[in-house]
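The values are calculated or read from the model by the stated rules, or taken from the named source; none is laboratory data. Everything quoted here is computed from the prediction, not taken from an experiment. Please note: Cβ atoms are built from the backbone with ideal geometry, for glycine as well, and neighbour counts cover all protein chains shown.
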C-alpha cells in the first residue's frame, strides 16, 4: 500500500521568544504515493522510531544516525493553510515531524530512482540539487510530510 508524501525543503531555525525550533519552508515537491525503497524506509523510521535493516538502507540509516535526527517543534509557514501564524507539529496522519539533511534525502531518491524510474523522483532530484546548491551555507534540510 502506498503512502502519500510531500518533501518540504527548508532551513531550521530557533525562536528565542518561545524557545522552540522551527522549520522555515522554502519549497515543496509532492511525490504522491512512493513505492518501497530507501525513502520509504526513512519514512517508516520517522513514523515508528525504528530503523529498518535492509541491504539497501543500512548505510543510509547509519549515516543518518551519525548526523542525528532533528525534530522541529513546529513548521513556520502558510503552506498548510491560509493563516501564516498557524503552526504544525505533525503531519495529517498524526506522525511526528522530523527534518533530515537534504543530501541524505537526495541520495535516497537517486538510489530509488535507479532501481525503478518514477517521474516525480526526476523532478525531486533536480529541485533538491538546486536547493542544496543555493542553500549550502544554511544547513539545507528536508521534511517528510504524509498526507
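Data table
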| item | result |
| --- | --- |
| Failed condition for residue 93, given (1) assigned to a helix (DSSP H, G or I); (2) more than 12 Å from the chain's Cα centre (by Cα); (3) touching a residue at least 12 places away in the same chain (Cβ under 8 Å) | (1) |
| Output for the range 118-133, where each listed residue is surrounded by 16 or more Cβ atoms within 10 Å (Cβ to Cβ) and in contact with a strand residue (DSSP E or B) (Cβ under 8 Å, 6 or more places away or on another chain) | 118, 120, 121, 124, 127, 128, 131 |
| Which listed residue is in contact with a strand residue (DSSP E or B) (Cβ under 9 Å, 6 or more places away or on another chain) and either surrounded by fewer than 16 Cβ atoms within 10 Å (Cβ to Cβ) or modelled with pLDDT of 55 or more (or both), from 35, 49 | 49 |
| Residue list for the range 135-147, restricted to those being surrounded by fewer than 13 Cβ atoms within 10 Å (Cβ to Cβ) and assigned to a helix (DSSP H, G or I) | 136, 137 |
| Members of the range 97-118 that are under 14 Å from residue 6 (Cα atoms) and not in a loop (DSSP other than H, G, I, E, B) | 99, 100, 102, 105, 106, 109 |
